[in-house]
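Below is one structure, written out as structure tokens; the observations come after it.
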Amino acid sequence: MIGETVMNVLILAGSNRKNSTSTKLCRYIERILRGKGCDVTFFDLYRQPLPFYCPDDDPQDDANLTALKNAITRANAVVLSTPEYHGSMSGVLKNALDHLGSEHFEGKVVLSVSSAGGAVGVSSLQQLQAVVRYVHGINCPEWISIGGENRQFDAQGEPLHPKQKERVARAIDCFLKMARSFPGATA
């Protein structure tokens, strides 16, 4: 990594659940990114809730919202994570995204991540990618979805299924390669 700028990645964990499998997956992704020399900011919407978005209000005094906006402004790339609820992303993640805009995402590569009670969370991933396009982010063509029995982690927070680890590693490699080649990487 000599001569390379350190990649600053924001992970936005979009669950409102204490023991969320999507948040556990984000913690695993965080460890991998740190192991690859990235500076990672982990923003957990369960632990750092945001005010309900209302276009008529400007909650500038909300410490969590200020922290999120500062973190995403510093980030070169973003990981968005959600549980899949009723075929969609979580309400707390959608609320967070409503507080943000193109000034936060433009030119930044975004990796979408989902955890679903069923087989996979494709609907939530597609919706996340639609939102990223609207805020001028760059969707990573790889995404990560875990579902059903694949949502199990060991005591150290690693996925129990080797194929899940392989999938995560492949997606992160693609994500970082893209992020280093787009303008957001030099933000």
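The values are calculated or read from the model by the stated rules, or taken from the named source; none is laboratory data. These numbers were taken from a predicted model, which means no experiment stands behind them. Quick reminder, even Gly has a Cβ in these numbers, built from the backbone with ideal geometry, and neighbours come from all protein chains shown. Surface accessibility is based on the protein's heavy atoms, side chains included, excluding ligands, DNA and RNA. Shrake-Rupley method; radii C 1.70, N 1.55, O 1.52, S 1.80 Å.
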Is it the case that some residue within the range 43-56 is touching a Cys at 6+ places or on another chain (Cβ under 9 Å), within 15 Å of Val78 (Cβ to Cβ) and modelled with pLDDT of 95 or more?
-> yes
Any hit, the range 154-170, residues being touching a Phe, Trp or Tyr at 6+ places or on another chain (Cβ under 6 Å) and closer than 18 Å to Leu10 by Cβ | no
Checked the range 50-75 for anything open to solvent by less than 60 Å² (accessible area, probe 1.4 Å) and either among the aliphatic types (A, V, I, L, M) or under 16 Å from the mean Cα position of the chain (by Cα) (or both); matches are Leu50, Leu65, Ala67, Leu68, Ala71, Ile72, Ala75
What number of residues within the range 4-45 are free of Cβ contacts under 8 Å to residues at least 40 places away in the same chain and either of a type in the set (Gly, Ala, Ser) or in a loop (DSSP other than H, G, I, E, B) (or both)?
-> 5
Counting only residues in the range 145-164 that are touching a residue at least 60 places away in the same chain (Cβ under 8 Å) and charged (D, E, K, R), the one surrounded by the most Cβ atoms within 10 Å (Cβ to Cβ) is identified as Arg151
Go through the range 1-23 and give me each residue that's open to solvent by 20 Å² or more (accessible area, probe 1.4 Å) and at pLDDT 95 or above.
-> Asn8
Across the range 76-99, what is the number of residues that are open to solvent by 30 Å² or more (accessible area, probe 1.4 Å), closer than 25 Å to Phe182 by Cβ and touching a Leu at 6+ places or on another chain (Cβ under 7 Å)?
-> 0
